[in-house]
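Enquirer: Sharing a structure here in structure tokens format.
Nothing in this text is a laboratory measurement; each read-out follows from the coordinates by a stated rule. This is a predicted model, so every value here is computed, not measured. In this analysis, Cβ positions are derived from the backbone assuming ideal geometry, glycine residues included, and neighbour counts consider all displayed protein chains.
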Amino acid sequence: MNRESSRSVSSSHAHASLRLWLSGIRPKTLPASIAPVLVGAACAWRLLDAPAARSCIAIDDRVWADLEMAKGPCFAPWYAYDGALARFVAMTLLCVGVALFLQIAVNFANDYSDGVRGTDASRGGSEAATGKPRRLVAS
């Protein structure tokens, strides 16, 4: 076996291994982890943007509100304050990342435990042949 063919074989093996690990993530399940985070962020946005959330409690004379013109800090939406929108988006993205990580970890743990128990012994073949997703441990 010459050098080029051995590289081709190892590259093909690495590609197949990477594809197997990516299928172990089970990408079809990932939207199920993102959806609750997005719904929660939308509810938080709606709640914070409600007119009742804009009420101010004056602790000194610097807080003012012109009720006729609807101007002043009591009438500004929460995201108009310096950095509030960026923090909200950052926290939302952080929560999405954590939810994705947890879903992927659960998928790998489920795959491992099913493989150890022998539940997925028949799921080592291709998905096209069996109609069921391929499992890492069974493969």
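Enquirer: Step through the residues of the stretch 12-24 one at a time and calculate ³J(HN,Hα) from phi using the Karplus curve (6.51 cos²θ - 1.76 cosθ + 1.60, θ = phi - 60°), rounding each to whole Hz and writing x for Gly and Pro.
Expert: Each residue of the stretch 12-24 in turn: 5, 5, 5, 5, 5, 5, 5, 4, 5, 5, 5, 6, x Hz.
Enquirer: How far apart, in nanometres, would the label points at Y81 and K28 be if each is projected 7 angstrom from Cα along the Cα-to-Cβ direction?
Expert: Roughly 4.5 nm, to one decimal.
Enquirer: Determine ³J(HN,Hα), in whole Hz, for all residues of the stretch 86-98 in sequence, where each value follows from phi through the Karplus function 6.51 cos²θ - 1.76 cosθ + 1.60 and θ = phi - 60°; x replaces Gly and Pro.
Expert: Using θ = phi - 60°, the values come out as 4, 5, 4, 5, 4, 5, 5, 5, 5, 5, 4, x, 5 Hz.
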